[in-house]
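> Got a structure for you, written out below as C-alpha cells; questions coming shortly.
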Ligand SMILES: C[S@@+](CC[C@H](N)C(=O)[O-])C[C@H]1O[C@@H](n2cnc3c(N)ncnc32)[C@H](O)[C@@H]1O
C-alpha cells in the first residue's frame, strides 16, 4: 500500500483524495473476499478456536447455556445504544422500557456464562450507564428481580475520543463508558504487566524515582489511568486503515487489546454478544484466546469472520509502553516518546 502521509512531496490538496481512494480500494478488496463467504448461521476458523454465530445473542446464549455456563473468562459487550442508527438489520429505536428489558436480559445471560473470577466489560454511553451499573451491583430494576449474582465493580473507565458529533446547544460528547466488573468466587485475572504505559513522571519530568519503583512495576512504567486516549485510540473514521465498510460503531483495536490482555490469558474463552465488525474477535484470535461472537446481521457476521481470519490492521502491541502525557517533556517542546 502507498504510504501517502509520510511523503512530504505529496501535494497537500490531493492527499485527502488519495487517502479516500486507498480506503475505497481496500473496501472493494474486502467486499470481494466477503462475497465469497457462504451464507451460514455459524462460522468457525480453520484452527477451530473461534466461532461466530448469526442471530440474537439472547437466543444463542440461551441455547448454549448447558455448555457455556460458568465457562467464560471474559465477556466484552458493545451493544446498540438505541440511537436510531441504521444498523444492517437491528431496530435501534426501541422504547426505553423495551431497551432496558432487552439489556437486563442479555446481561443476565452473560453473568450466567461467566466463570467465577471472570471479567465483564460493557461499552456504553451516558444514556444507559447508570441503569447498567446499578443492575450489575444487584440493585432492583423497575419491574424486575435483582441480578441473582451481583458483580463487583473494578473500574469505571472512560474511552475518550475527540471526534464526537458537533453540537452547539450543550457540550460535545467525547466519551463512552467502559465498565469493568468481575464475578466473585475466585481470583480474577489481572495481567497489569501486559498493558503498561510510560508514566508522566518519566515522560515529562525524567524523575529519577521512576527508575526504582516500589510498586513492582518496571522502571518508568505504570498501569494506565482509567481515562483512555492516545495514539490509535480515536474513533474509527471513514478513511482510517482499521475501518470496515458500513460500520460506524467500530471500536479501535487498541481498546480491545487492553481489555483482553489485562483480563484473560492464552487459551481462555472470550465472548462478545454484539460482534459488529468483529474487533473483539480479531484481537482475541490474534492473542490466542478462544472466542465466541454473536451477530444479528448475516452481512456483519460474514464481515467479522473475514476480519478474524485476516488479522488485525497493524501488529498488536504498538501502544504498549508509550506515553499518553498531554504536556511536552520539561525543557523541550517535543512530544514525549517512549
Ligand atoms: C455497536 S455494534 C458493535 C460494534 C463492535 N464492537 C465493533 O467494534 O465493530 C452492535 C452490533 O450488535 C448487533 N446486534 C444488535 N442486537 C443484537 C442482538 N440482539 N444479538 C446479536 N447482535 C446484535 C448489531 O447488528 C451491531 O452489529
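> Taking the convex hull of the alpha carbon atoms in region 62-211, what volume per residue do you get, in Å³?
Spelled out: Cα convex hull of region 62-211, divided by residues, is 183 Å³.
> Something else about it: Would you give the gap between the C-alpha center of region 100-127 and the C-alpha center of region 291-325, rounded to a whole Å?
Cα centroid of region 100-127 versus Cα centroid of region 291-325: 21 Å apart.
> Just how far, in whole angstrom, is region 130-174 from region 56-91 if you go by their alpha carbon centroids?
Centre-to-centre (Cα) distance: 17 Å.
> At each listed q (0.09, 0.15 Å⁻¹), what is the log10 of I(q)/I(0) that the Debye formula gives for region 45-310 modelled as equal alpha-carbon point scatterers?
At q = 0.09, 0.15 Å⁻¹ the computed log10 ratios are -0.42, -1.17.
> So how many Å³ per residue does the convex hull of the Cα atoms of region 199-285 work out to?
Enclosed volume per residue, from the Cα hull, is 127 Å³.
> Here's a follow-up. Which one, 226, 268, 215, has the greatest fluctuation when you compute a Gaussian network model over the chain with C-alpha springs under 10 angstrom?
215
Only the coordinates and a few stated rules stand behind these numbers; no lab work does. None of the values given here were measured: they were computed from a predicted structure.
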